[in-house]
Amino acid sequence: MSSFAGMPNTTAGNIAPFAFEGSIELFQVSDDQRLPVHLSGDRDASLVLVFVGGLTDGMCSVSYAPKLAELAQRERFTLAQPHWSSAYSGYGTGSLDRDVTEIEACINHLKASGKKQVILMGHSTGCQDTMQYLLTRHGDTSVNGAILQAPCSDREAFAEEGHTRVAKLAKEVHDKAFPEGLKEEDRSKKEGKLWDCMPREMAKEFGLEFMTYYRAWSLLCEGGDDDFFSSDLPVHADGGSLHRPLIETFGRLPSDVPMLFAFSGADEYFPFQHGVTPEGNFSNWRQAAAEGMGRDVKELKLKMTVVPGASHSVKQAEAQEVLMREVLNFVRRV
């Protein structure tokens, strides 16, 4: 058994400490790497919800994690909150590929311990991890459902904060490493300094000591590996922009995995101020998915909801209750 204080449950500005009851297990990522996962709720249940946070988050740190733990206990499923190498400040030298390698190792561990059904839930950049997982790991280590809470564009959010100097330098380094027309099989030989760290003063713009040119490019630039959710992404390649079209991401999602996109209605990182809406984004994503899967949009297993008044990490008590109802309804359908 373990008990430790997690990120507090926040209500109307008041902070209440929360002790996570449960157990911590280690899962094997490679011969020389093991990582911890915290298990709570009904740890003997056959269904497990694996929860992954976003940039600067860590194990059990997201504001509504206590509510998830309570829900898991009440509704008799397991909540698994793994640690991953990109947690906290580790994202500056990480990648989505590294994240999903570790998530897959965690899921393999859980399945080996008897879990039969797995729901992967991501918050913020955990949504990008979930997309990357479904696009690259489903079929090898399949999941039975996916929840994406606060799917937002890092590129659009960081642009609002004015990180244009960092984005420009990262793009220059990326383009030198991957010149136009370079064959995919030759890319590993041409990375150059892409995985080197940027000047320290640039990393400090993000509150980091270290940030690679690659991760800055991936987060900040058109066509970056993290760029799944930007509102300006076309459904099809337009021949002029550097954008990765939605048909290459949402159009390649597995058709057999139910997905819930849970937007925050007052998300401070969503571009509401530019007239963008969750409904508009989701409509484009669904169109791309339908085309890629060869199905009518009405046949898709992709659903959306907007949690009224919720901030990006759903700090409001009332909004947390709404989100928990959505999670519960999804779990019951899987």
Which log10 I(q)/I(0) values, to two decimals, does the chain give at q = 0.14, 0.16 Å⁻¹ under the Debye formula with one point per Cα?
-1.19, -1.55
Going Cα to Cα from Lys298, which aspartates and glutamates come in below 17 Å? Please leave out same-chain ones fewer than 8 positions away.
Asp256, Glu279
Let a ≥ b ≥ c be the square roots of the eigenvalues of the Cα gyration tensor of the stretch 197-334; is it rounded (a/c under 1.5), or, if not, prolate (a/b larger than b/c) or oblate?
oblate
Nearest-0.05 FRET efficiency for His274 and Arg165, computed from C-beta distance (R0 22 Å):
0.50
Set Lys and Arg Cβ to +1 and Asp and Glu Cβ to -1, take the dipole of the chain about its Cα centre, and tell me which of Val276, Ala237, Pro66 lies farthest positive.
Pro66
Per the helix-only model, the chain has a calculated mean residue ellipticity at 222 nm (DSSP H runs of ≥4, -39500 (n - 2.57) each, divided over all residues, rounded to the nearest 500) of -10000 deg cm²/dmol
If packing is taken as the mean number of other Cβ atoms within 10 Å per residue, what is the order of 151-158, 307-314, highest first?
151-158, 307-314
With a 18 Å threshold on alpha-carbon distance, the violating pairs from Lys67/Lys116; Lys67/Lys315; Lys67/Lys115; Lys116/Lys301 are Lys67/Lys116; Lys67/Lys115; Lys116/Lys301
Using alpha carbon coordinates only, what is the Rg to Rh ratio of the stretch 253-312, with Rh defined as the Kirkwood radius?
1.03
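Taken together, the values in this text are just the output of simple stated rules run on the coordinates, not laboratory data. Everything numeric here is computed off the predicted structure, so don't read it as measured data. Positions of Cβ are generated from backbone atoms using ideal geometry, with glycine treated the same way; all protein chains shown enter the neighbour counts.
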